[in-house]
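These notes are about the structure you will find just below.
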Amino acid sequence: MSPDFVRIEPLGDAAILVRLGSDIDEATNRRVRAACARLERRRLAAVSDVVAAFTTVAVHYDPARGTFDQVARELSTALDQLDQEPLPATRTLTIPVHYGGGFGPDLEWVAAHARLTPEEVVRRHVAGEYLVHMIGFAPGFPYLGGLDASLVCPRRETPRTHVPTGSVGIGGSQTGIYPIESPGGWQLIGRTDVVLFDPAREPPSLLAPGDRVRFVEVQA
Amino acid sequence: VNLRVLRAGLLTTVQDLGRTGHQHEGVPVGGAMDTAALRVANLLVGNAESAAGLEVTLLGPTLELPGDVLLSITGADLAPTLDERPLLMAHAVHAPAGSQLAFGGPRAGCRAYVAFAGGIDVPLVLGSRATYLRAGIGGLHGRALAADDRITLGEPSARSRRIAACVAVGSSASWSPARFAGTALRVLPSTGTAVEVRALRGRHYDELTAASQQALWLEPFVVSGDSDRMGYRLVGPPLALAEPRELVSEAVAFGTVQLPPGGNPIVLLADRQTTGGYPRVLEVASVDLPLLAQTPPGGQVRFREVSLEEAQRLYLAREQELARLDVGITLQLC
């Protein structure tokens, strides 16, 4: 994909999707972050929210303050020469995790699916360094890329109605952490005490796109 | 001033116009499901349109009003009463100290909005007073009202005090500038439970089977019982893509109609997630979201296609109607 690829499309009558790539990879993630940084610097009057995802940036706007054509034109001007945009600093965080048992009720299932021992699943999970591609699904929920290919596994056929706060799960080729108790279909392999979302904190989400995450095992 | 909750009702929450500016952190916008109704209720009592009020769902609460309070109720007609006498909807009403506000039951619509002069004074969380139940933030301790709760009201504005003075001299102790509202501003939902909402084609509309595309515009869909502030599940003819697709998660909006594998679409509403990974087959026009939010479980929804330009024109017309109401109130002040 060309490095200056930007495609603008409507998302209903009060939002616009800016498509910056088609694949989930680090290069696209950098372009998504560059677009967000640019729109943070050059704020458009009609825009209330700028939401990064794997390959897109969504811009929510007030149609009473600008039509689609107007905002789309402003966006394509603002997003000019994106590769020149300096990226904001990112962090690498270490997340301690209690694996297995009551904290990770699906660890045995994941191990059986991967034809590995539970210990080996944990060893491979803590060996990785993961990129935060986006925050979504729930407040502060990070979609982490970089899962060891041997740990890829399908979501649960029937999602749980209550996934406890701090649960670490695997869904397809993603791994993630549930910041608040919510329903969820990912395979749960552990739990952390780290608070991923705290509305009293600034910023409330511990992680942001572009951050890196490492897991360490907490011995019981 | 403190209101006391005698009975909580089915689901009564503090809501304002939502928590914008935090969707990049995964925080849903939330706020009133029917924002037009809340805005009108606020205007009628002299509040800023964004002030926090109560969103009352189907079976309302019983509230004891301790001081003299100016209030207004818009949205669903849930048979509101003040000391057991019917209370006029979309009026500014003076409630004397010690009076009781209660609701008889749903007559039209699904959600009533109660605005009090001065607004509801709960702490701002991430810039908003809206209750987001799933994360337990905003509103009254992050939850729905419960019996014995006390609710603090803010200081009424100068405008609220002038409206209160108008109401006091009126013969019926109430005042209704809302009668000046034009047709673009539907202050009260109709009694029917079948609505037609306008919608745009979504990004994946073209990937639906031809039969599914037809069914979307021609067949009625029923709002299922497990619908909530997050979304309405619609039951109708099963819809399918011509070929199944694995999609990459991206942002969704208020009114996005997603199609999960089961074939029953879900309209995403106030407490929707910020992102989603299902095909997006329609996007409900913003101007018709209040109408949809007033459709109760069991109600029927039909979609009618509208272009992006038309949807934005309709939205602008309603915004102008709200602005006219605001001006109309100013002109009516004695």
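Evaluate the stretch A:7-165: find the radius of gyration of its Cα atoms, find its Kirkwood radius, and give the ratio Rg to Rh.
Working: Rg = 19.6 Å, Rh = 18.3 Å.
So for the stretch A:7-165, dividing Rg by the Kirkwood Rh gives 1.07.
Mind checking the mean number of beta-carbon atoms from other chains within 10 Å of the Cβ atoms in B:195-201?
Whole-number average of other-chain Cβ neighbours for B:195-201 is 1.
So who's got an amide H within less than 5 Å of the one on B:Ala253, skipping anything under 5 residues away but keeping other chains? H placed 1.01 Å off N, in plane.
Amide H neighbours of B:Ala253, under 5 Å, 5+ apart: none.
What's the average, rounded to a whole number, of partner chain beta-carbon atoms within 10 Å of each residue's beta-carbon in A:54-63?
Per residue, the average neighbour count from other chains is 5.
Let me check the size of chain B from its C-alpha atoms; what are the radius of gyration and Dmax in Å?
My reading of the Cα-based Rg and Dmax gives 20.1, 67 Å.
At 1.4 Å probe size, with the rest of the protein present, what percent of the exposed accessible area of the stretch A:7-61 is carbon and sulfur atoms?
48 percent
Full extension from B:Glu155 to B:Ser307: what is 0.36 nm times the residue separation minus their Cα-Cα distance, to one decimal in nm?
Using 0.36 nm per residue and subtracting the Cα-Cα distance, I get 50.4 nm.
Can you give me the C-alpha center-to-center distance between the stretch B:288-331 and the stretch B:1-30, rounded to a whole angstrom?
22 Å
Compute the separation of the alpha-carbon centres of the stretch A:116-188 and the stretch A:29-100 and state it in Å as a whole number.
So the two Cα centres are separated by 25 Å.
Once you have the Kirkwood Rh of the stretch B:15-61 from its Cα pairs, apply Stokes-Einstein at 4 °C and 1.567 mPa s and quote D in µm²/s.
Roughly 113 µm²/s, to the nearest whole number.
If you roll a 1.4 Å probe over the heavy atoms of the protein chains, what accessible area per residue do you get for the protein assembly as shown, in Å²? Display every interim value, and only then the final one.
Details: 22700 Å² over 554 residues.
Accessible area per residue: 41 Å².
Taking θ as phi - 60°, what are the ³J(HN,Hα) couplings along the stretch A:141-151 by the Karplus curve (6.51, -1.76, 1.60), each to the nearest whole Hz, with x for Gly and Pro?
6, x, 8, 9, x, x, 5, 3, 4, 6, 9
May I ask which residue of B:Leu291, B:Tyr232, B:Ala211 lies farthest towards the positive end of the charge dipole of the stretch B:200-334, with charges of +1 (Lys, Arg) and -1 (Asp, Glu) on Cβ and the Cα centre as origin?
My answer, from the dipole projection, is B:Leu291.
If you take the C-alpha gyration tensor of the protein assembly as shown, multiply each eigenvalue by 5 and take the square root, what semi-axes do you get, largest first, in whole Å? Can you show the working numbers first?
Details: eigenvalues 356, 140, 105 Å².
Semi-axes from the Cα gyration tensor: 42, 26, 23 Å.
Farthest toward the dipole's positive end in the protein assembly as shown, which of B:Leu70, B:Leu58, B:Ala251, given Cβ charges of +1 (Lys, Arg) and -1 (Asp, Glu) about the Cα centre?
B:Leu70
Each label point is 7 Å from the Cα along the Cα-to-Cβ direction; what then is the distance between the points at B:Glu84 and B:Ala242, in nm?
It is 6.6 nm.
Once both labels are modelled 7 Å past Cα along the beta-carbon direction, what's the A:Arg19-A:Arg73 spacing in nm?
2.3 nm
Convert 10 °C to kelvin, take the viscosity as 1.306 mPa s, use the Kirkwood radius over C-alpha pairs of the stretch A:1-49 as Rh, and evaluate the Stokes-Einstein diffusion coefficient in µm²/s, rounded to a whole number.
This corresponds to a translational diffusion coefficient of 133 µm²/s.
Highest mean first, what order results for A:192-200, B:21-29 on Cβ atoms within 10 Å? Before the final figure, lay out each step's value.
Details: A:192-200: 16.9, B:21-29: 24.2.
Output ranking for A:192-200, B:21-29: B:21-29, A:192-200.
Got the relative contact order for chain B handy, in percent, Cα pairs under 8 Å and 6 or more residues apart?
Relative contact order here is 20 percent.
Peptide B:307-319: average number of partner chain Cβ atoms within 10 Å per residue?
4
If you take the accessible area of A alone plus B alone and subtract the pair, what total do you get in square angstrom, rounded to 100, with a 1.4 Å probe? Don't skip to the answer; put the middle values down first.
Working: alone 11210 and 14490 Å², together 22700 Å².
That pair hides around 3000 Å² of surface in total.
The values are calculated or read from the model by the stated rules, or taken from the named source; none is laboratory data. Being a predicted model, the structure only gives us computed values, none of them experimental. Neighbour counts are summed over all protein chains in view; Cβ atoms, including those assigned to glycine, are modelled from backbone coordinates with ideal geometry. All accessible areas refer to the heavy atoms of the entire protein, side chains included, with ligands and DNA or RNA removed. Shrake-Rupley method; radii C 1.70, N 1.55, O 1.52, S 1.80 Å.
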